[in-house]
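The values are calculated or read from the model by the stated rules, or taken from the named source; none is laboratory data. It should be emphasised that the depicted structure is a prediction, and the values quoted were computed from it without experimental measurement. Every residue, glycine among them, receives a Cβ derived from its backbone with ideal geometry; neighbour counts consider all protein chains shown.
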Amino acid sequence: MRRLRRPSVVLGLAIVTLLLLCTLFAGLLAPHDPNAIAPSEKFLPPAWEEGGDASYLLGTDQLGRDVLSRLIYGARTSLMIAGVAVVLAAAFGIAMGMLSGFYRGWVDTVIMRLADVQLAFPFILLALAILAVSDTKSAIRIIFVLAIADWVIHARVVRSRVLVEREKEYVRGARALGASNARIMLRYILPSVLPTALVIALIELAVLMLLESILAFLGLGIDPPAVSWGTVLADGRENVAIAWWMLVFPGMAIFLAVLAMNLVADGLADVLDPRLKLTGRFARGAARKRERPVVPVAGGSPLVAGAVADASADPPLLAVAGLRVEFPTDDGPVVQAVQDVSFSLRAGERVGIVGESGSGKSVSALAIMGLLDAPGRVAAGSVRLRGRELLDCSERELNKVRGRELGMIFQDPGSSLNPVFKIGWQVAEAIELHQECGKGEARRRAIEALRLVNIRDPERVADCYPFEVSGGMQQRVMIAMALSCRPGVLIADEPTTALDVTTQAQILRELDALVDELDTGVVLITHDLGVVAEFTDRTIVMYAGSVCESGPTEQLIAEPRHPYTRALLDAVRELEGEEGVAETVRGEPLDPRDRPPGCPFAPRCPLAMDVCREQAPRLVGEDGEDGERAVACFAANPEEVSPHEHAARR
Ligand code: SF4
């Protein structure tokens, strides 16, 4: 509230308060009847001018009516007309802006083209069309004209905010919890957008007061005996040569009201966004296209450890098979972000997916959750949760699965938590979505969930906004939210990347103990083989969207078979200062838009052969002591090279 004490804001608030008092108590404050005609008193100057009368402080008009009283009553009419118009325009504009920004596509096109047409239509022409053709110019007609002219501003501002908000992690987090589109719009995005919308509404209130005056000035104001600032101004225009006060005082009233509302809007903008308490700045910044498996799983990677849900008595909790994700581009070929990824997960098991940025690990996770952003789409494959095909589920069905059976922790807790809600509310919301309980019970369970992730003072933390706690604490909150409904499968996408090393280790230890206790299957996505070594039972190494090696973590770390896995391990050892480390991974990761034929790792591989540049290696597995190992590399699987090539190589 300190920001409201700025002198400019205080001045604005004082004027707005005066305006409101005039509106509410016009009958008490006005010294005369605003329409009382007194021909003998006409054109009296203000009281301090020669010839002025103390009972007519701001003078009289051409009919002897008191200018001050007309201004006081006029404030009520002007504010009422502008106020109702802005409420109507804002309600319609916010709804249109939300729909347009959230759904995009044809909905956006239709609404925005409508807005363009509205903007292209001159306001005065619109007013003439509605007001001038009729004998009466009632308040309702004027409100109608103003609201039609104004909704576009609200719609455009809200749309641009929604376009930003819908891409934020907390919205994706809400989807991951199973929230429907309507719920996401109303409970997650709208509260984030509302402060801006309120500020715009206040500014537009001033603009509409100005427009109402302009209409009256042009003879399109409200019919007498009603009096508005616009009608007082219109009287002044006709008599300005002999009574300057009839024009100057209403002009000053309009000027001061517009200025005051803008000053208050400025202060309000600072206060309404709770993040500004720390940052001091105002501005801050799924279309999951389900093209249901076009290509059958055949040709997938059946040899990857437990990849395909076999028909055994103990099917895996999660079975991903032959997953292919692609992103169509406007001016080029379709980008294959994920190709033929297969793996499975059993209760209590931890599988790590490791690879550099752009290797397709996060895209795979989003595809499993059904949270791919447009234009990304699952082109082929299967994702089965407890035997149920998720790629066949509708959005509504997925909402019931996400959060309850399939939880997700995102990379950056700072942006994954909604900045405008307190932590307790957010955790309780996750519980309310899937558990039938009242608000009180949801809050109690939320506090329990916070206690479970080792937050020492959960009641206090529940009453904090996300930005009021540390990064480690935010990540614990994310974990509490993801596990609050005890999902069987948890996907943790780089859950500790945004944290310092000490907090990373602490959070991982806590997550480890927690999933042990809850017997949750975990898919841990990371670029850090060190984290994988500590946390997981099995590891999948991805490069350029494909699995290049997989197997039990211990075996894979002790005896990497793919040159890329070896290079990743060497990089970790070098970072740890180990002596005699071989060369680390060299070159740049592959640009998925420019994928060469053959092995995607060939341009960086020290063992690359001619065949590697012509032919893509198949993922081939072999039984290890404790489980399956699989590797896609001609050097590791020489039998995959044709005899001719083999001879050439030797
Ligand atoms: S297939 Fe060839 S290029 Fe690819 S990783 Fe193996 S040796 Fe290197």
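Numbers below:
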{"read-out": "Of all residues in segment 436-452 being surrounded by 15 or more Cβ atoms within 10 Å (Cβ to Cβ) and not charged (D, E, K, R), the one that is farthest from residue 511 (Cα to Cα)", "value": "442"}
{"read-out": "Search result, residues across segment 586-614 that are more than 7 Å from the ligand (Cβ to nearest atom), surrounded by 17 or more Cβ atoms within 10 Å (Cβ to Cβ), assigned to a loop (DSSP other than H, G, I, E, B) and over 38 Å from the mean Cα position of the chain (by Cα)", "value": "598"}
{"read-out": "Leading residue by the ranking (nearest to the ligand (Cβ to nearest atom)) among those in segment 615-644 that are at pLDDT below 90, more than 44 Å from the chain's Cα centre (by Cα) and of a type in the set (A, V, I, L, M, F, W, C)", "value": "635"}
{"read-out": "Residue that is under 25 Å from residue 174 (Cα atoms) and either at pLDDT 90 or above or assigned to a loop (DSSP other than H, G, I, E, B) (or both), where the choices are 384, 396", "value": "384"}
{"read-out": "Residue satisfying condition, being outside any helix (DSSP H, G or I), buried (at least 19 other Cβ atoms within 10 Å of the Cβ) and either touching a His at 6+ places or on another chain (Cβ under 8 Å) or of a type in the set (Val, Ile, Thr) (or both), within set 431, 455, 479", "value": "455"}
{"read-out": "One residue from 314, 373, 330 being at pLDDT below 85 and out of contact with any Lys or Arg (no Cβ under 9 Å at 6 or more places or on another chain)", "value": "330"}
{"read-out": "Which listed residue is among the small types (Gly, Ala, Ser), farther than 26 Å from residue 368 by Cα, surrounded by fewer than 21 Cβ atoms within 10 Å (Cβ to Cβ) and in contact with a Leu (Cβ under 7 Å, 6 or more places away or on another chain), from 216, 127, 139, 147", "value": "147"}
{"read-out": "Residue pairs meeting the criteria (Cβ under 9 Å; at least 6 apart or on separate chains; first closer than 19 Å to residue 360 by Cα, in segment 597-610; second within 6 Å of the ligand (Cβ to nearest atom) and among the small types (Gly, Ala, Ser))", "value": "598/608; 599/608; 601/608; 602/608"}
{"read-out": "Filtered residue count, segment 403-425, keeping only those that are surrounded by fewer than 24 Cβ atoms within 10 Å (Cβ to Cβ) and under 21 Å from the mean Cα position of the chain (by Cα)", "value": "10"}
{"read-out": "Any hit, segment 224-235, residues being among the small types (Gly, Ala, Ser), touching a helix residue (DSSP H, G or I) at 6+ places or on another chain (Cβ under 9 Å) and modelled with pLDDT of 85 or more", "value": "no"}
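This table checks each residue for (1) touching a Lys or Arg at 6+ places or on another chain (Cβ under 6 Å); (2) among the β-branched types (Val, Ile, Thr).
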| residue | (1), (2) |
| --- | --- |
| 56 | no, no |
| 61 | no, no |
| 67 | no, yes |
| 79 | no, no |
| 97 | yes, no |
| 101 | yes, no |
| 105 | no, no |
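This table checks each residue for (1) within 30 Å of residue 199 (Cβ to Cβ); (2) at pLDDT 85 or above; (3) hydroxyl-bearing (Ser, Thr, Tyr).
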residue	(1), (2), (3)
39	no, no, no
51	no, no, no
60	no, yes, yes
78	yes, yes, yes
99	yes, yes, no
